[in-house]
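See below for the structure under consideration.
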Amino acid sequence: MISEPSRHCAVELQALPSRIGQVRRIISAQLRYWHLDPLIDQAALGVTELLTNVHRHAQPDKSCTVEIELLLDRLTVSVHDHDPRLPTVCDADSSATSGRGLALIAAVSESWGVRPTDDTGKVVWFTLPAPSFATALTPLPVYGSTTDGPFGSGRDTLVEPTAQTRARSAVVG
């Protein structure tokens, strides 16, 4: 059985306010490349919240890695940092100007969580449901020569795409 390929993208950075916008643009461009435009707003919002948490709370440094991975029908967005302290969801007061990041991620995502890493640090992640590859990629007609073998008629014809003829990239990234 042939399964759909995994698609993966990782960005290492310092979680500084000036870099958060750059990472949002990188994530948006990667999702467009994967034909997942409907997920851009939710993924960018979640990445912004997670990177803001690293900027505000992570110790001893602000270095982190943002990863997005598409596997079958699930997009997982994660941020790895070097702070072993696990975040918690806060009950922010209605007039508070911060403290709602994880609650916001919980509201826009399918699932989310936190796990410590083997070394010092943690990974905070969330998932979004993604359309299947068959619906995410618009099938295009395949043009080419169809023959009955090496000595066939050589007529150029239009071959309608089917599940077997749709091209899919196996390139990671």
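The values are calculated or read from the model by the stated rules, or taken from the named source; none is laboratory data. Fair warning: this is a prediction, and the values are worked out from it, not measured in the lab. Don't worry about glycine lacking a Cβ; one is built from the backbone with ideal geometry, like all the others, and counts go over all protein chains shown. For accessibility, only protein heavy atoms count, side chains too; no ligands or nucleic acids. Shrake-Rupley method; radii C 1.70, N 1.55, O 1.52, S 1.80 Å.
Couple of notes before you dig in:
- Boolean, Leu13 is crowded, with 17+ Cβ neighbours inside 10 Å and more than 21 Å from Val108 (Cβ to Cβ): yes
- Counted residues, segment 70-81 - those being crowded, with 17+ Cβ neighbours inside 10 Å and closer than 17 Å to Ser109 by Cβ: 6
- Taking the criterion of being surrounded by fewer than 21 Cβ atoms within 10 Å (Cβ to Cβ) and out of contact with any Lys or Arg (no Cβ under 9 Å at 6 or more places or on another chain), the residues of segment 21-31 that qualify are Gly21, Gln22, Val23, Arg24, Arg25, Ile26, Ser28, Ala29.
Residues checked against (1) at pLDDT 60 or above; (2) under 16 Å from Gln42 (Cβ atoms); (3) surrounded by 13 or more Cβ atoms within 10 Å (Cβ to Cβ):
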site: Cys64; (1), (2), (3): yes, no, yes
site: Ile68; (1), (2), (3): yes, yes, yes
site: Asp83; (1), (2), (3): yes, no, yes
site: Thr88; (1), (2), (3): yes, no, no
site: Ser109; (1), (2), (3): yes, yes, yes
site: Tyr143; (1), (2), (3): no, no, no
site: Gly154; (1), (2), (3): no, no, no
site: Val172; (1), (2), (3): no, no, no
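- When residues in segment 5-57 are screened for being hydrophobic (A, V, I, L, M, F, W, C), under 17 Å from Lys122 (Cα atoms) and in a helix (DSSP H, G or I), 4 of them pass.
- Qualifying residues in segment 32-48 (those that are open to solvent by less than 20 Å² (accessible area, probe 1.4 Å) and in contact (Cβ under 8 Å) with a residue 40 or more places away in the chain) - the one nearest to Trp112 (Cα to Cα): Gly46
- Against the numbered list (1) free of Cβ contacts under 8 Å to residues at least 40 places away in the same chain; (2) open to solvent by 20 Å² or more (accessible area, probe 1.4 Å); (3) of a type outside the set (Ser, Thr, Tyr), Leu51 comes up short only at (2).
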